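What follows is a set of notes on a single structure, which appears directly below.
The values are calculated or read from the model by the stated rules, or taken from the named source; none is laboratory data. No experiment lies behind these values; they were computed from the predicted model shown. So basically every Cβ, Gly included, is an ideal-geometry build from the backbone, and we count neighbours across all protein chains shown. Only protein heavy atoms, including side chains, enter the accessible area calculation; ligands, DNA and RNA are left aside. Shrake-Rupley method; radii C 1.70, N 1.55, O 1.52, S 1.80 Å.
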Amino acid sequence: MIGKSISYAHLFNGITLTSSADRRALFAGWAVAKYVLGLELEEQEISLLREVSAVGAYGHDDRGDGKRVLDAATFNLEEGLPEDQALEFAYRVAAAGKNTLRQIVVAYGEEEIPEEMAAGHREIFLRVLRAENKPVIYSNHGDTNYRHFHLAICTAD
């Protein structure tokens, strides 16, 4: 198992205006939430997320079966459509500040992991990061030969 924490703080290098930082945080939160939930991405959002797309792959092994998101869940967000929850997540990131957006990717390689064990791993990551009560978007991805899941987290409430 490999776990990687991705910070988006580098997106704010050189930004001095609060309004510009807020817009950038909103954009980044929106892009990450859409990616994790499997919603359609714009070209600019795709370039922001290039690093993320290769984390769980262990090299190029795209199955091309169209089942990128096998299942998804949100925690500490209002009920609603995935698009609405992604937007709420983005607004919460923007309101909380530029250093609050994190994405965790956990990949299992060739190990066969039961669903209950993967759910336990997700809970451990949230507990260790003290994110049990924070806005979180989770999805289990099936776009590679190797099982992996993503957590988009707004680390401030």
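The table below lists the values:
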{"read-out": "Taking the C-alpha atoms of the stretch 77-157, convex hull volume expressed per residue in Å³", "value": "106 Å³"}
{"read-out": "Debye, to nearest 20: dipole size of the stretch 82-157, +1 on Lys, Arg Cβ, -1 on Asp, Glu Cβ", "value": "520 debye"}
{"read-out": "Mean projection area, nm², convex hull over Cα of the stretch 116-157", "value": "3.1 nm²"}
{"read-out": "Solvent exposure of the chain as accessible area per residue, Å², 1.4 Å probe", "value": "54 Å²"}
{"read-out": "The chain: radius of gyration over Cα atoms, expressed as a fraction of 2.2 N^0.38 Å", "value": "1.00"}
{"read-out": "Computed lengthening from Met1 to Lys67, 0.36 nm per intervening residue step minus Cα-Cα distance", "value": "21.6 nm"}
{"read-out": "Residue-averaged [θ]222 nm for the chain, counting only DSSP H segments that reach four residues, each worth -39500 (n - 2.57)", "value": "-11500 deg cm²/dmol"}
{"read-out": "Modelled FRET efficiency - R0 25 Å, Asn145 with Ile46, Cβ distances, 0.05 increments", "value": "0.70"}
{"read-out": "Among Ala118, Ala25, Ala86, residue whose mean-square fluctuation peaks in a GNM of the chain (springs only between Cα atoms under 10 Å)", "value": "Ala118"}
{"read-out": "Test item: Cα-centred dipole of the chain, Lys/Arg +1 and Asp/Glu -1 on Cβ, debye", "value": "720 debye"}
{"read-out": "Percent of C-alpha pairs per 10 Å bin, the stretch 1-43, short to long", "value": "23, 44, 28, 4, 0"}
